[in-house]
Amino acid sequence: MRVRSWMGVALPVIAYLLLVAMPGLGQSSSVYKAPRTPDGRPDLSGIWQAMTEANWNLEAHPAAPAAVIANGAMFAIPPGAGVVEGGEIPYLPEARKKQQENFASRQKLDPENKCYMGGVPRSTYMPYPFQIVQNPRKILFAYEFAGAVRSVNMGAPTDPPADSWMGWSNGKWEGDTLVIDVKGLNDQTWFDRAGNFHSDALHVVERYTPRSPDTLNYEATIEDPKTFSRPWKISMPLYRRVEKDAHLMEFKCVEFSEEFLYGHLRRGAPQGK
Amino acid sequence: MYRRRIVAAAGLMVGIATLAVAQSPVAQKPAAKATSTKVSDIPRTADGKPDLSGVFSNAQSIPIQRPANLGEKEFYTPEELAANAARQRQAAEVGVHYDTSQFGLGAGQAKYAATLRTSVIVGPEGRLPALTPEAAKIQSQRRAVTAEHQWDGPETRPLAERCITWGFEGPPMMPVGYNSDLEIVQGTGYVAIVQEMIHDTRVIPTDGRPFSGAKVPQWMGESRGHWDGDTLVVETTNYNPRIAIQGTPISDALKVTERFSRLDANTILYRFTVDDPKTWVKPWSGEYTMTKIDSPLYEYACHEGNYGMQNNLSGARATEKAAAAKKK
């Protein structure tokens, strides 16, 4: 009896000390530790998707009509609080003008409408899932939109042999964060549907950090001295697709872009375009 | 100058072929129902399964279908193989229309796995089986429509010209005329296969789960994998019936079974069976060896760079316009 009553006082005190007064020893640690792969790295594999309005416009923006107003509310632009740290993309003055021209002609110019690959980082936050397949030497990112794919080299970094739409990715681990350095991006992609663009000097460094069993923190630092006055950063969570038997499907959108791209060349189309 | 390069390239190919023939007899004859290929020097993942990861060429020096004059002959002798290569070399010297070797796309520049087979399709026939009457009808109907409407617009152009599928992704994955390369990235529970033409990626679950049952056909079908000893068996159904395999339109009944067996650090034996009872009167099977290459995959941005479609259609319109003007 005496022992039990002693424990009745001591145990809560000890628990308090362990869990609250001496942080780091108990379960209240705020840094999530993801399950490990066989080679001891955070396991990022699975199907992920962003849930932001970034693909409409990286910067904060109000709701607005569709680019083609007659298309109605289905294609209107939803409001977004923005994913750019600091709020504004630090364009060089001439480049900001170009972005505004892009925006005015976005229906015609946006590569997404032509089913062109989304590039980096746009492919991450287009509103479609992507899958990560991970092993010690390579981490593969397979995107649904236009069947875009990236094979991230986890060994000694290599140089891009030529520019490409999805760039050339070299990855490494910094603690529990996967850091991917992307070079060799061509100048053909946009960052979003608002005409935010870049040159072929674009250099992106991404960071993927597990924050909970079903979410990742995603950050991308964007550097392009031909377009921006300084590097800038976007960040957002990525959410795991947890439904039973979640799987990537093919979004082979080429055939849906053909009328847009070649309609004027059909037999019987009004000529003189 | 070009001739010398072709001769050198062909000679190199023969050299690689004969070298490999001399050194690795395993790659020549098929292992009969090799379910227990417990080769101990193959790379393995932490769970003990063979690691199929790597970048490979599946270019072949043999045709898909056996030349008719060879009848039931399934294998060459090493002497016959060398004689063939010499004959091919001589044929290549006669006039070159496009020297693709200047772009690294020459036939002699790909890395081929050595083989003594006479064709990718195995068995006494070594050729595609006959079509069912229904399939023959569909094929001739499609050809008739194409012949009449082939320049109408993008929809009547071949899928490869539209950059929708290249026509060799299958599955079964077939050798492509050039850049016949693929990358396999194996992770826990999945094997991803990226074929360079046209960067199509199959992400195959390997935990033996059943098909999703989703009534949404996929261009490359829906694949499910499981391990049978050291062999990865992948079954694929739910194909988009707009594709063709070996030039033959397929049906929604198509089912393909693939078997991947890593033979050593540099090679994977790839075997497949195509079963579409609405299209071919019986299933047909093939096999070939994929060989590891030192280069990475390169991005083939087919649609993004598709000037061909633009040029073909505008050329067709210009031809029509000129013909119409002549009539006046």
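The values are calculated or read from the model by the stated rules, or taken from the named source; none is laboratory data. Because the structure is a prediction, the values reported are computed rather than measured. For neighbour counting, all protein chains shown are included, and Cβ atoms are generated from backbone atoms with ideal geometry for every residue, glycine included.
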Restricted to the stretch A:129-165 and to residues being among the polar types (S, T, N, Q) and closer than 18 Å to B:Glu299 by Cα, the residue nearest to the other protein chains (Cβ to nearest Cβ) is A:Ser164
Those residues of the stretch A:230-250 that are of a type in the set (Gly, Ala, Ser) and either within 28 Å of A:Ile89 (Cα to Cα) or touching a Phe, Trp or Tyr at 6+ places or on another chain (Cβ under 7 Å) (or both) come to a total of 1
Worksheet item: Somewhere in the stretch B:238-254, is a residue of a type outside the set (Asp, Glu) and closer than 30 Å to B:Pro43 by Cα?
Response: no
(message) I'd like to know if the stretch A:152-161 contains one or more residues that are surrounded by fewer than 22 Cβ atoms within 10 Å (Cβ to Cβ) and in a strand (DSSP E or B).
(response) yes
Could you tell me whether A:Gly272 is within 14 Å of chain B (Cβ to nearest Cβ), surrounded by fewer than 20 Cβ atoms within 10 Å (Cβ to Cβ) and modelled with pLDDT under 95? yes
Of the residues in the stretch A:172-187 that are surrounded by fewer than 20 Cβ atoms within 10 Å (Cβ to Cβ) and part of a strand (DSSP E or B), the one that is nearest to the other protein chains (Cβ to nearest Cβ) is A:Lys183
**Asked** Is the stretch B:139-159 home to any residue that is within 14 Å of another protein chain (Cβ to nearest Cβ), in contact (Cβ under 8 Å) with a residue 40 or more places away in the chain and of a type in the set (Gly, Ala, Ser)?
**Response** yes
Condition set acidic (Asp, Glu) and touching a strand residue (DSSP E or B) at 6+ places or on another chain (Cβ under 7 Å), scope the stretch A:174-199, selection farthest from A:Arg106 (Cα to Cα): answer is A:Asp176
Pairing a residue in the stretch A:92-115 that is on the phi < 0 side of the Ramachandran plot and exposed (fewer than 12 other Cβ atoms within 10 Å of the Cβ) with any residue that is polar (S, T, N, Q) and part of a helix (DSSP H, G or I), where Cβ atoms lie under 8 Å and the two sit 6 or more apart in sequence or on different chains, gives none
Residues of the stretch B:162-188 being modelled with pLDDT of 95 or more and within 10 Å of chain A (Cβ to nearest Cβ), in sequence order, are B:Arg162, B:Cys163, B:Ile164, B:Thr165, B:Glu183, B:Ile184, B:Val185, B:Gln186, B:Gly187
Expected single match for assigned to a loop (DSSP other than H, G, I, E, B), touching a Pro at 6+ places or on another chain (Cβ under 7 Å) and over 29 Å from A:Asn153 (Cα atoms) among B:Arg142, B:Arg162 is B:Arg162
Scanning the stretch B:198-210 for residues that are more than 9 Å from every other protein chain (Cβ to nearest Cβ) and either in contact with a helix residue (DSSP H, G or I) (Cβ under 7 Å, 6 or more places away or on another chain) or surrounded by fewer than 21 Cβ atoms within 10 Å (Cβ to Cβ) (or both) gives B:Asp207, B:Gly208
Can you spot a residue in the stretch B:195-203 that is closer than 19 Å to B:Thr267 by Cα and outside any loop (DSSP other than H, G, I, E, B)? yes
Inspect all residues belonging to the stretch A:241-260 and state whether any of them is in contact with a strand residue (DSSP E or B) (Cβ under 6 Å, 6 or more places away or on another chain), more than 11 Å from chain B (Cβ to nearest Cβ) and farther than 28 Å from A:Pro65 by Cβ. yes
Within the stretch B:271-318, restricting to residues that are polar (S, T, N, Q) and in contact (Cβ under 8 Å) with a residue 40 or more places away in the chain, the one that is farthest from the other protein chains (Cβ to nearest Cβ) is B:Ser285
Looking at this structure, is A:Tyr262 within 27 Å of B:Gly305 (Cα to Cα), aromatic (Phe, Trp, Tyr) and modelled with pLDDT of 95 or more?
-> yes
